[in-house]
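FYI, it's all coordinate maths here, none of it is from the lab. Remember, it's a predicted structure, so these values are computed and weren't measured experimentally. Here Cβ is always computed from backbone atoms with ideal geometry, including for glycine, and neighbour counts include all displayed protein chains.
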Amino acid sequence: MNRIVRASAFWLAAILLLTVAACGGAANAKPTPPTIHYGEDICEFCGMITSEERHAAAYVSDDGHGHIFDDIGDMVQLHLKEPGNVVAFFVHDYQDGVWIRAETAHYVRSDELTTPMFSGLAAFASSEHAEALADELQGQVLSFDEVLTHYQGMASIGMEEEAEHDAHDP
């Protein structure tokens with residue numbers, strides 16, 4: 001009987017240990033981008049259908065929800081408007097379409113670059129590829145923080161213009 005109790009205790013401890021390890025592993029899991037159904041899924045910022053992989057972007061919030069955008073600029077604008085708790089930002093490498101972390105990407109900003117919502121932004125995993133496209137399109141290479149700063153500046157200008165317009169209204 002004592003042997004049965006020990007064996008049961010052993011298996012109970014083993015199951016408990018595996019359960020705790022599995023739960024702890026999930027909490028520490030690396031965030032992954034949401035799956036986008038191109039031609040079907042709607043951009044959360046502009047409401048347009050997300051159709052071009054190389055321009056699509058996403059972020060994952062701390063509740064695990066994936067937020068999908070048809071343009072990098074739309075992702076940044078919604079994040080600045082409604083910051084929330086973002087776990088990870090994702091963009092596609094402009095060259096090969098692979099998801100990369102937005103925080104480590106190299107961005108090209110150019111008025112010559114046609115994007116779904118006219119942000120003129122393309123993301124690259126490689127700084128060399130970003131530099132090459134920037135040279136070709138007379139653009140500039142930016143970090144993710146610089147992209148955020150660019151859009152924060154645009155928002156400030158927009159608010160100033162709106163305030164100025166309101167001041168002149170009778």
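Taking a ≥ b ≥ c as the square roots of the eigenvalues of the alpha-carbon gyration tensor, region 73-161 is classed oblate because a/c is 1.5 or more while a/b is no larger than b/c.
Segment T149..F118, full-extension length gain: 9.4 nm, with 0.36 nm per residue of separation and the alpha-carbon distance subtracted. The distance between label points at H37 and S61 comes to 2.1 nm (points 7 Å beyond Cα on the Cα→Cβ vector).
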